[in-house]
Amino acid sequence: MPPGVRGLMLSVMVAALMSSLTSVFNSSATIFTMDVWRNIRKKASEKELMIVGRVCILVMVALSIAWIPFVKGAQGAQLFIYIQFISGRITPPMAAIFLLAILWTRTTEQGAFWGAIFGTSVGSIRLILDFVYPKPTCPTVDTRPDAVKLHFLYFTSILFVCAGVVTIVVSLFTEPLSEQSIARLTWWTRHSTVENLDEIPEATETSAPSPPMELTRLNGSSPSDPSTPQDTSESGSWFKKLWRVMLGLEGANTSKEDQPTNQDVLLETRRDRIILNIAAAIACATVSSLWIYFR
């Protein structure tokens, strides 16, 4: 490739890597905050959950930086091959579960859970074996086990199918989801007129839990009267203001009347659909042409 095009392709790869990392960090922090931290602290406020999510992202960034020496010593320090090497052990079960959840209305939560557990466990075992038995050089005889000799692309396909089979089997032996639970969430129910469970308003409104003392002091409000709104932008030191901005606490108090509903967010005009479809087709054709030309 010419030097200019080579630099352009490198910038595209780095941008794609940054996009993937941000989505992974955001998803991991959300899973930890909503599924783990809320079970530990059941009365945690939204601001506390936001702080926990930010701290979780910082921890994952630190772990990612600490993992760089392992990247240099694996797959000949080739970043793209290493990314495919790692993702080939983790993403196949998630892709199988996602496709089944979208295309098969009989998929249940138990099936998705055990499919993910099976796929992640098998992929992790293969990943550990790859580190324990590194690939030998050309003159050396390959004495690794047959399970490790299998190319990772073949292993990815086999893991995808096995995780899907586990998900299907467990889903068939568990109770199916109700029609309200999957309304407009799958391909076959995308035009359903049934009201989704998340859209049904609660019969009784419960009062929100009061924030902890530390968060109350952080926002500059009095713990004795938490319902009294105060202007936090004018009080406190510059360090606290910067801390609130970094954690996303500034301007986070938005009334429910100002928030858009699910129907408003999912609304898409015919003009928007045409523009998005044309842009997607152009992007796919461009990437495919570059891939075929420079291969």
How do 39-52, 280-293, 104-117, 13-26 rank on mean C-beta neighbours within 10 Å, highest first?
104-117, 39-52, 13-26, 280-293
With the convex hull built on the Cα atoms of region 9-90, state its orientation-averaged projected area in nm².
6.4
Cut-off 20 Å (backbone N to label point 7 Å along Cα→Cβ of Y82), residues of region 108-129
124-129
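What share of Cα pairs, in percent, lie more than 21 angstrom apart in region 7-164? Can you show the working numbers first?
Working: 7443 of 12403 pairs.
Summing the P(r) tail past 21 Å for region 7-164 gives 60 percent.
Using R₀ = 30 Å, calculate the FRET efficiency as 1/(1 + (r/R₀)^6) where r is the Cβ-Cβ separation of R273 and S124; round to 0.05. Display every interim value, and only then the final one.
Values: r = 41 Å, r/R0 = 1.35.
Between R273 and S124 the formula returns 0.15.
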If you count only protein heavy atoms with a 1.4 Å probe, what accessible area per residue comes out for region 1-157, rounded to a whole Å²?
67
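The values are calculated or read from the model by the stated rules, or taken from the named source; none is laboratory data. On a predicted model such as this, the values are computed, not experimentally measured, just so you know. Heads up, the Cβs are rebuilt from the backbone with ideal geometry, glycines too, and the neighbour counts pull from every protein chain shown. What goes into the accessible areas is simple: the full protein's heavy atoms, side chains included, and nothing from ligands, DNA or RNA. Shrake-Rupley method; radii C 1.70, N 1.55, O 1.52, S 1.80 Å.
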